[in-house]
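The values are calculated or read from the model by the stated rules, or taken from the named source; none is laboratory data. Predicted model only: the values in this text are computed from it and were never measured. Every residue, glycine as well, gets a Cβ built from its backbone with ideal geometry; the counts of neighbours run over all protein chains shown.
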Amino acid sequence: MGTHPAPEAAAPQPASAAGRRDRRWAVALPVTLVLAALALRLVGLAEPDRLYFDEVYYVADARALLADGVEDGFVVHPPLGKWLIASGIAVAGDGPFGWRLASAVAGALLVGVTYGVGLRLLGRRSLAALAGLFVAVDGMALVASRIAMLDGFLALFVAAAAWALLADAAARDGPGDPTLEAGPRPWRGWVLGAAPARWLAGGLLGLAIATKWAGLLAIGAAGLVALVGDLVARRRATGRVLADPLHLLAGLAVPLLLVPAAVYVASYAGWFASYEDTRPGQEACTEEPCEVGVGERLAGWWGEQAAIARFHTGLDAEHPYRAEAWTWPLLTRPVAFAYETADSCEDAAEADGPQTGEAAVRDAGDATGEGAARGCDLAEGQVRHILAIGNPAIWWPATLAVLALGWAAARHRRGDAGFLLTFILGQWVPWLAVARPVFLFYTVPIVPFLALALAWGAGEAAKAPRLRLTPAVLAVAAILGLAFWYPIWLGTPIEEAAWRARILFASWY
């Protein structure tokens with residue numbers, strides 16, 4: 001009797017086919033999430049067809065950057081985010097779509113980065129996709145990526161830095177980590193001993209603070225995460241927590257402090273190149289060509305940084321949309337980026353003023369931020385409202401998940417819980433001590449970590465047989481939340497009765 005080798009020879013094929021399907025799915029899933037998020041952010045992006053809210057300032061700054069390489073007058077934020085807005089204008093034109101294009105792309109990329117963080121941190125593709133979905137359909141992330149402002153860019157850079165830190169941790173967990181070799185180290189070894197991913201994290205954090213100074217909070221969180229990881233790695237490798245302390249300090253300070261500082265200064269390249277057009281340059285350059293040396297330019301730049309610091313620390317203006325940081329998880333006081341009825345639309349005049357407490361000392365006016373005179377496209381009884389508020393179906397359960405993170409980190413020393421908790425609390429708790437006006441949209445860079453926290457909590461709950469459907473239930477709830485609140489996130493004209501049904505609390509008005 002002969003044997004039949006054919007089935008044995010064919011046996012590896014299904015496994016190979018399954019592997020190919022798995023690889024295709026590994027690519028298709030995040031790409032689908034990003035494309036879906038991009039579609040949500042691009043549809044109707046040119047509406048409102050005018051400058052609104054703080055676009056009044058940032059689009060003007062972007063135009064000045066394109067024209068002169070530097071903003072006009074005194075500005076209270078670094079230039080990178082405005083350069084990104086300018087890139088959208090350069091690609092798509094100086095109109096509503098062009099103003100907001102870069103923000104929309106950044107918002108879609110944030111979904112992909114959140115997926116990447118989730119894949120590394122949560123270890124399951126389904127949970128990573130769930131976290132990406134939450135960011136895609138969250139109202140705060142959505143509104144921030146449909147307006148020419150800075151917070152969406154900040155969120156993208158912070159989340160990308162978190163991914164790089166996880167890659168750095170994975171490299172250090174592997175065998176033969178060169179940064180833990182015994183023996184004396186010259187300074188060059190201390191500096192270059194950091195893994196490439198940590199240098200990448202530092203560069204991304206530099207992009208964050210070059211967008212908005214709130215990125216400093218993320219640097220603090222990243223430093224704490226890296227420090228704890230290094231101490232654990234040293235204890236595991238050498239039996240001593242503080243093995244080679246100089247190397248430890250250099251491995252933190254150089255990539256996570258000096259690199260961000262260098263990137264921040266580099267973001268002002270246009271400012272230095274066009275010094276004669278800057279505020280201090282116009283005072284110093286009394287003759288053509290401008291004969292001002294490097295030292296005086298650096299002194300002028302430092303003076304502008306000091307003025308920005310005085311602005312942010314000394315701002316004491318009241319604002320109707322002010323929301324104390326302790327209220328942020330409850331979503332009790334969102335910001336109306338735009339609101340109008342048929343009557344107010346007809347009365348709209350050009351250049352209505354600001355906006356937020358940050359802008360309050362630069363201009364004065366109401367909170368609607370109209371940017372140009374126009375006709376009214378609202379019928380009688382309709383409302384157009386753009387409300388910067390998170391998806392309650394995500395935020396409220398995510399708040400419970402953050403409490404569970406605290407328990408897991410403290411009681412069980414879970415590294416994944418500690419990582420998320422550090423980035424959430426590190427970007428929230430400092431605002432509790434700030435006396436100046438703060439606003440709910442300052443939470444935009446926290447959104448991806450809230451989404452990851454909720455996905456983490458869903459995964460933990462699903463371990464119990466009776467709760468195995470928790471991830472699916474939360475996903476459906478988040479999508480239903482998107483469908484329900486979509487009109488007041490995009491500013492779609494709706495009947496007043498439908499609008500009132502979506503305003504859950506009087507404080508949302």
Failed item, numbered, when Ala433 is tested on (1) within 20 Å of Leu330 (Cβ to Cβ); (2) modelled with pLDDT of 95 or more; (3) loosely packed, with under 15 Cβ neighbours inside 10 Å; (4) not aromatic (Phe, Trp, Tyr): (2)
Verdict on Arg500 being on the phi > 0 side of the Ramachandran plot and surrounded by fewer than 21 Cβ atoms within 10 Å (Cβ to Cβ): no
Residue, nearest to Val137 (Cα to Cα), within region 444-477, restricted to residues that are small (Gly, Ala, Ser) and outside any helix (DSSP H, G or I): Ala462
Qualifying residue in region 70-85 (condition: touching a residue at least 60 places away in the same chain (Cβ under 8 Å), in contact with a Gly (Cβ under 8 Å, 6 or more places away or on another chain) and among the β-branched types (Val, Ile, Thr)): yes
Only one of Thr313, Thr278 that is closer than 30 Å to Leu387 by Cβ and touching a residue at least 12 places away in the same chain (Cβ under 8 Å): Thr313
Flag for Arg125 being touching a residue at least 60 places away in the same chain (Cβ under 8 Å), of a type in the set (D, E, K, R) and surrounded by fewer than 24 Cβ atoms within 10 Å (Cβ to Cβ): yes
Pair list, Cβ under 7 Å, 6 or more apart: region 128-146 residue modelled with pLDDT under 95 and outside any helix (DSSP H, G or I), other residue buried (at least 24 other Cβ atoms within 10 Å of the Cβ) and not small (Gly, Ala, Ser): none
Residue check for Leu480: over 23 Å from the mean Cα position of the chain (by Cα), in contact (Cβ under 8 Å) with a residue 12 or more places away in the chain and outside any helix (DSSP H, G or I): no
Residue list for region 222-257, filter: in contact (Cβ under 8 Å) with a residue 12 or more places away in the chain and not aliphatic (A, V, I, L, M): Gly223, Gly229, Asp230, Arg234, Thr238, Asp244, His247, Gly251, Pro255
In region 73-102, residue surrounded by the fewest Cβ atoms within 10 Å (Cβ to Cβ) [restricted to those that are among the small types (Gly, Ala, Ser) and part of a helix (DSSP H, G or I)]: Ala90
Residue in region 482-489 that is among the hydroxyl-bearing types (Ser, Thr, Tyr) and over 18 Å from Ala393 (Cβ atoms) present: no
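Here are Leu420, Leu400: which of them is under 20 Å from the mean Cα position of the chain (by Cα) and assigned to a helix (DSSP H, G or I)?
Leu420
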Boolean, Phe441 is in contact with a strand residue (DSSP E or B) (Cβ under 8 Å, 6 or more places away or on another chain) and in contact (Cβ under 8 Å) with a residue 60 or more places away in the chain: yes
Qualifying residues in region 264-310 (those that are β-branched (Val, Ile, Thr) and not in a helix (DSSP H, G or I)) - the one nearest to Leu207 (Cα to Cα): Thr278
Qualifying residue in region 212-219 (condition: surrounded by fewer than 21 Cβ atoms within 10 Å (Cβ to Cβ) and at pLDDT 85 or above): yes
Checklist (1) modelled with pLDDT of 95 or more; (2) in a loop (DSSP other than H, G, I, E, B); (3) within 23 Å of Gly415 (Cα to Cα) applied to Gly176, failing item: (1)
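Matching residues to (1) modelled with pLDDT under 90; (2) in contact with a Phe, Trp or Tyr (Cβ under 9 Å, 6 or more places away or on another chain); (3) surrounded by 10 or more Cβ atoms within 10 Å (Cβ to Cβ):
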{"position": "Ala284", "(1), (2), (3)": "yes, yes, yes"}
{"position": "Val292", "(1), (2), (3)": "yes, yes, yes"}
{"position": "Ala299", "(1), (2), (3)": "no, no, yes"}
{"position": "Ala309", "(1), (2), (3)": "no, yes, yes"}
{"position": "Leu315", "(1), (2), (3)": "yes, no, yes"}
{"position": "Glu318", "(1), (2), (3)": "yes, no, no"}
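Out of Leu35, Leu29, Leu45, I need the residue that is at pLDDT 95 or above and either out of contact with any Phe, Trp or Tyr (no Cβ under 8 Å at 6 or more places or on another chain) or under 30 Å from Gly123 (Cβ atoms) (or both). Which one?
That would be Leu35, the only listed residue that is at pLDDT 95 or above and either out of contact with any Phe, Trp or Tyr (no Cβ under 8 Å at 6 or more places or on another chain) or under 30 Å from Gly123 (Cβ atoms) (or both).
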Selection count, region 38-59, where residues are surrounded by 17 or more Cβ atoms within 10 Å (Cβ to Cβ) and part of a helix (DSSP H, G or I): 9
Residues within region 56-105 that are under 24 Å from Leu204 (Cβ atoms) and within 20 Å of the chain's Cα centre (by Cα), tallied: 21
Extreme residue, farthest from Ala393 (Cα to Cα), among residues of region 457-471 that are touching a helix residue (DSSP H, G or I) at 6+ places or on another chain (Cβ under 9 Å), free of Cβ contacts under 8 Å to residues at least 60 places away in the same chain and aliphatic (A, V, I, L, M): Ala464
Verdict on Phe337 being part of a helix (DSSP H, G or I), modelled with pLDDT of 80 or more and within 26 Å of Gly215 (Cα to Cα): no
Selection within region 201-235 - under 16 Å from the mean Cα position of the chain (by Cα), hydrophobic (A, V, I, L, M, F, W, C) and part of a helix (DSSP H, G or I): Ala201, Leu204, Leu205, Leu207, Ala208, Ile209, Leu216, Leu217, Ala218, Ile219, Ala221, Ala222
